[in-house]
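Below is one structure, written out as structure tokens, with a few remarks after it.
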Amino acid sequence: MRHFAAVAAALLAYELVARSGWFAAALVPTLPTIAHTLWTMLADGSMERHAASTLARVFSGLALAAAAGLVLGFAMARSRAVERFVSPLVNALMPIPSLAWAPVFILWFGLGNAATVLIVFYAASFPMLVNAWSGARAVNPLWLRAAAAMGAGGAQLFWKVVVPGAAPFIITGLRLAFQRAWIATVGAEMLAASDFGLGWVIFDAKEFLNADVMLASLAVIGALGYLFERFAFGALERATVLRWGMVRPGQA
Amino acid sequence: MSAIELREVALAYDTPAGRVEALRAASFATAPSEFLCIVGPSGCGKTTLLNLIAGFLAPTSGEILVSGRPVSGQGLDRGIVFQDFAQLFPWRTALGNVAFGLEMKGVERAERERIALEHLRLVGLEKFAGAYPHHLSGGMQQRVAIARALAYNPAVLLMDEPFAALDALTRDEMQRLLAEIWRATRKTVVYVTHNVAEAVYLADRVIVMTPHPGAIKAIVPVRLPRPRDPLGVEFLQAQKELLGHLKREEAP
């Protein structure tokens, strides 16, 4: 339960402010009100549908980004020519916020999933690419030597040494990409999605001053992020790089 | 036919400051199943010599033959053990590490695991087959590295100061173990060290090298019966003789 101390403290602080009477109750609803709204939206299935479409966008964008980022990142690490060719483009595109592309993509692809997934893909690609690139270059040269001495080359060297050797970076890349994908998805849904997704719900609720709906949706985003970090990335890390001693657990 | 034969092997680098001779015309041939040590101070080119035999470096002139065939690059006819414990693949268990070379050779799974386990038994670590390297002590990791280098049955074993980073007690133990393994496998071994006592304990012959430029100064036979007693009078006498070869070079 110690894990939730900070969350509990934040909730308590919020509740105190909500009940202080400094703000209108409709703008700063109390936790029970938010919980009730959340429960109603879960009960009628609308929250699940919105969360499902947001997750679908997060993961489509993330999958595309992971594939492209890994391939290009490893290619850049492997070949100076590719690195020299791609780096300027990467360096120029990386600082552009993915949401800044939203109007352009909407213009090209219309409102809906294509534009949203593309924005997510854009946001998530760079952390994946940069980490794959760094990871492949950070592989201990001794492993490469030992493997080469045992006859490994080409595809075998890549799959059996470079990829596992770069695993700590790849997992970090996935984590950051996932985070960016969430931010981009919710943001893109506010701008580019027509009528589904958590971002759209939050944006739409603004029209009716439904602060409880907004906050309930934010809570769902936070909870989903927590669950994936803990049970997907945390588990992946425990099963691989932590188990192999390539990264250390935090100090007790 | 010698397992290893060097004919006038030389290596020079071109640097901005001019041409640097790393190794000057080295020639020798091993006797069958010989244990050959290479001794010399830092910068004498002993590791360079080993890297040339391993195929990590190509000589500027001269020829290196392993089992009668000219060396061009790395190959499974040579097993290599480095000084750094990090040479093991952290993502593979002890068994997985030892099986790596066999895997590259295309040996099927059951067979390579049987052979790998046999070699772990040879170094006394069959109980640790499932352990990851980070759970093993430095000495144990080096034993796994030796098993790994022997598992695919190379003609020669090349060792670059494999015990230099171990504490003195473990080092003594490892030297005894290596002498036993060598007796059991009858491999030709080339072993680089800066430790004179270690060379006298292990070697049939000792190649003494001197720096600036790296060159073979003398090849000294060690004619002590085995197993050798590091505290015996003859042992200390042999050590003194070898030291004499190293010292004489230091005079201007």
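Each value in this text was obtained by applying a stated rule to the coordinates, not by laboratory testing. This one's a predicted model, so the numbers in the text were calculated from it and none came from an experiment. Cβ atoms come from the backbone with ideal geometry, glycine included; neighbour counts cover every protein chain shown.
What to note about this one:
- DSSP-defined antiparallel bridges as percent of all bridges, the stretch B:109-252, nearest 5: 55 percent
- B:Ser72 paired with A:Arg243, simple spin-label distance in nm, labels 7 Å along Cα-to-beta-carbon: 4.3 nm
- Shown is the FRET efficiency for A:Ala26 and A:Ala63, computed with R0 = 41 Å from the Cβ-Cβ distance and rounded to the nearest 0.05: 0.55.
- Rounded to 5, the percent of DSSP beta bridges in the protein assembly as shown classed as antiparallel: 50 percent
- Working from Cα pairs under 8 Å separated by at least six residues, relative contact order for the stretch B:159-251 is 23 percent.
- Across the stretch A:48-222, C-alpha contacts under 8 Å between residues 6 or more apart give a mean separation that, scaled by the residue count, equals a relative contact order of 32 percent.
- A Förster radius of 25 Å, combined with the Cβ-Cβ distance separating A:Ala100 from A:Leu176, puts the computed FRET efficiency at roughly 0.85.
- Helix A:198-207 axis versus longest C-alpha principal axis of chain A: approximately 30°, rounded to the nearest ten.
- Gaussian network model of chain B, Cα within-10 Å springs - most flexible of B:Leu49, B:Leu76, B:Leu169: B:Leu169
- For the protein assembly as shown, the Kirkwood estimate of the hydrodynamic radius, built from every pair of different alpha carbons, is 27.3 Å.
- Cβ-Cβ FRET estimate between A:Leu107 and A:Glu207, R0 fixed at 22 Å, reported to 0.05: 0.40
- Packing, as the average of other Cβ atoms within 10 Å across residues, places the peptides B:10-21, B:113-124 in the order B:113-124, B:10-21, highest first.
- C-alpha long axis of helix A:211-228 to longest principal axis of chain A, angle in °: 30 degrees
- Each Lys or Arg adds one and each Asp or Glu takes one away; over the other residues whose Cβ falls under 10 Å from the Cβ of B:Leu36, this sums to -1.
- Extreme residue, positive dipole direction of chain B, given options B:Ala129, B:Met174, B:Thr210 (C-beta unit charges): B:Ala129
- Stretch gain in nm, segment A:Leu144-A:Arg84, where the contour uses 0.36 nm per residue and the Cα spacing is subtracted: 19.3 nm
- Start at zero, step by 5 Å, and the Cα-Cα distances of the stretch A:102-252 spread as 2, 9, 13, 14, 15, 13, 10, 9, 7, 4, 3, 1, 0, 0 percent across the bins.
- Label point 7 Å beyond Cα of A:Ala232 along Cβ direction - residues of the stretch A:53-94 with amide nitrogen under 15 Å: A:53-67
- Normalised contact order of chain B, rounded percent, pairs of Cα under 8 Å and 6 or more residues apart: 26 percent
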